[in-house]
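Below: the structure, in C-alpha cells.
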There are 2 protein chains.
Amino acid sequence: MGTKPTPRSIPVAPGSRTPRRSIHECGLFADCPDLVGTPFSYAREEEVYGEGEDAEFVYRVVEGAVRSHKILSDGRRQITGFHLAGNLFGFEQGDTHWHTAEALSDTRVLIFQRRQIERAATRSAEVACQLWGMATTSLRDAQNLMLLLGRRSAQERVAAFLIEVDGRFGGTGAFALPMTRRDIADYLGLTIETVSRTFSQLEENGALRRSGSRQITLHRGRLRHVVEN
Amino acid sequence: MGTKPTPRSIPVAPGSRTPRRSIHECGLFADCPDLVGTPFSYAREEEVYGEGEDAEFVYRVVEGAVRSHKILSDGRRQITGFHLAGNLFGFEQGDTHWHTAEALSDTRVLIFQRRQIERAATRSAEVACQLWGMATTSLRDAQNLMLLLGRRSAQERVAAFLIEVDGRFGGTGAFALPMTRRDIADYLGLTIETVSRTFSQLEENGALRRSGSRQITLHRGRLRHVVEN
DNA sequence: CGGACAGTTGACTATCCTCAAGTATGGTGG
DNA sequence: CCACCATACTTGAGGATAGTCAACTGTCCG
C-alpha cells in the first residue's frame, strides 16, 4: 500500500542517507555499542514488511506507530499488536515474517539487522537474556489479549483497550488515538460499527468524552469499573 | 483442587523421593548436565501452580497433559495453552505466575528450579538463546490463537483445534482427546454446548467420526477445507 | 464548493449463548 | 456382576449480543 521506497535496499548501507546519531540514541542495548540502528521512515499506511517475507530486519519505533496483523484469505484481519515509540518489533520464529507490519501514521524507526542481533545474542548471554525477557513480555501481552478476545464483551474490550492505550501514552487520561476504528475493531475482534456504538454507549455512561473522533478523554474510574466486572 | 501434596516442598531436595534418571532423560538442555529435573506427579485436575504464586519452578511434561488458564472474577475462563509430553511450561515475566496450571489427567513432570535455569542463561548465551527461541515459538502460537479467537467461526475454531491436536499427537488422524468439552470450549472462546453441536455438525459432514466422546478419527481433508475457508 | 473517506446510527439478521432436559459413561458399592 | 450415582456430553428451544447492510453525518483536502 502507498509508495514503496524498497525498504530493504537502504538500511544495509547506512552511511549516506541519514547521519548516524549518537550511540545512545541509535543503539539497541546499552552494552552493545556496535549494535547501531539505521534511521528510516515510513509513510502512513505504508507496509514495513509483509507476511512470508524474509525476516531480515528488526525495528524500533522512534516516532509514530505501527500495527502488526495476520489476515485470512477472505480478508478477515486480526491485529496482534500496536507498536508505539520505543517499542521493538519484527522478531520472528524462523526466517520469515508471519505477520504484516504497516505504519499507522508517518513513522520513524531504527532498523537493525536481525543477523547482527542474533550474533550479539550468541556472544553475550546478557543480550540473549534481554531478548528472552522481551519475548516473554510480548507473550504475556498476547495471552491477556487472548482472554479479552475469547471471553470479554464488546464494552469490556473497548474499555480495556482505552485503558491500555492511555497507559502506553503516559496515563494522563487524555490522548489522540493513532488508529482508525477499523484498526481498533480488528484488534478487538469486533466490527467498526460495534466499536463505534460502544464508544457512544461509553460516552453516554460518562466513561469517556470525544472531541472529534480520535481525541479521547477518559473517566478512568468508570472505565475500570466496566472492565473489572 | 483434589489432594495437595504441597508440590513446593519436595522438588528442592530431590535426593530420596525418586532415583535420578540419566542426564539424558532428566536434563533440560543438552549442554547443561547440571540442569537436572526432579520427577514429580500430579493427579487429574490437580493444580500445579496458581495465578499470583511465586514462580519458583519450571516444568516439563513427561506423561499426561496440563492446561494453563487465566480466569475472571465471574468465572469466565480462557485457557491459553495445553502442554503435552515434552512441552515445557511455567516461565513467566516477573516473579509470579500470571496463569493457573492444572493437570488434565494424571501427569508426570520434571521440575526445574527457575533460578537455576536463569543462572544458566546468564552464564551461557546458548542456553539463553534456546529460552528465547522457546518464548518466540510460544508467542507465535499465541498470536495464531488470537486470530482464531478474534476472527474465526465456531466451526473453524473446532476444526483448527482438532487439526492442531492431531499434529501434536503425531498426525495420525486418530487420537483420544485428553481434555473435556469444557476445556475445549474455554480454549476456543466458546461454550460447551456450541463445541458439542459443532462436533455433531462436523460428524454429519463426514469431517470426523467419534467413538465415545473422546476418541476421534479425523477426515483431515474435509477438516482442512473447513479451516481454509 | 465538492469529493473522498472516516465515523455514526438505524433496522434487521445470524451466530452463538442460556436455560433446560435428556442420554451416555465410568466408577463405586452391594 | 449389576445397580446406582455423579459427571460428561448431547440436543432442543428461545434469547441476546454482535454482525450485516444501508443511509447518513462530519471532516479533511484539494
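Kindly indicate the residue of region B:40-70 that is within 14 Å of another protein chain (Cβ to nearest Cβ) and under 16 Å from B:Thr180 (Cβ atoms) and also surrounded by the fewest Cβ atoms within 10 Å (Cβ to Cβ) among those meeting that condition.
Per the criteria, the residue is B:His69.
Within region A:122-140, identify whether any single residue is open to solvent by 10 Å² or more (accessible area, probe 1.4 Å), within 11 Å of chain B (Cβ to nearest Cβ), within 16 Å of DNA strand C (Cβ to nearest atom) and at negative phi, and answer yes or no.
For region A:122-140, residues open to solvent by 10 Å² or more (accessible area, probe 1.4 Å), within 11 Å of chain B (Cβ to nearest Cβ), within 16 Å of DNA strand C (Cβ to nearest atom) and at negative phi: absent.
Of all residues in region A:71-86, which are free of Cβ contacts under 8 Å to residues at least 12 places away in the same chain and open to solvent by 40 Å² or more (accessible area, probe 1.4 Å)?
Correct list: A:Ser73, A:Asp74, A:Gly75, A:Arg76.
State all residues of region A:207-218 that are assigned to a loop (DSSP other than H, G, I, E, B), surrounded by 13 or more Cβ atoms within 10 Å (Cβ to Cβ) and without any contact (Cβ under 8 Å) to a residue 40 or more places away in the chain; if no residue qualifies, say none.
A:Arg214
Suppose we filter region A:147-173 for residues that are more than 16 Å from DNA strand D (Cβ to nearest atom), among the hydrophobic types (A, V, I, L, M, F, W, C) and part of a helix (DSSP H, G or I); how many remain?
Qualifying residue count for the region: 2.
What are the pairs, 6+ residues apart or on separate chains, where a residue within region A:110-131 that is farther than 15 Å from A:Glu92 by Cβ has its Cβ under 8 Å from a residue that is basic (Lys, Arg) and open to solvent by 10 Å² or more (accessible area, probe 1.4 Å)?
A:Leu110/A:Arg60; A:Ala125/B:Arg123
Hand me the list of strands (runs of 3 or more DSSP E) wholly inside region B:66-131 holding 3 or more residues that are more than 19 Å from A:Leu139 (Cβ to Cβ).
Fully inside region B:66-131 and qualifying: B:107-113.
Does region A:173-206 hold any residues that are within 14 Å of chain B (Cβ to nearest Cβ), buried (at least 16 other Cβ atoms within 10 Å of the Cβ), near DNA strand C (Cβ under 10 Å from one of its atoms) and more than 16 Å from the chain's Cα centre (by Cα), and which are they?
A:Thr194, A:Val195
The values are calculated or read from the model by the stated rules, or taken from the named source; none is laboratory data. Note that the coordinates shown come from a computational prediction; the quantities given were computed from them, not determined experimentally. Cβ coordinates were reconstructed from backbone atoms using ideal geometry, including for glycine residues, and neighbour counts include every protein chain displayed. With ligands, DNA and RNA removed, areas are computed over all heavy atoms of the protein, side chains included. Shrake-Rupley method; radii C 1.70, N 1.55, O 1.52, S 1.80 Å.
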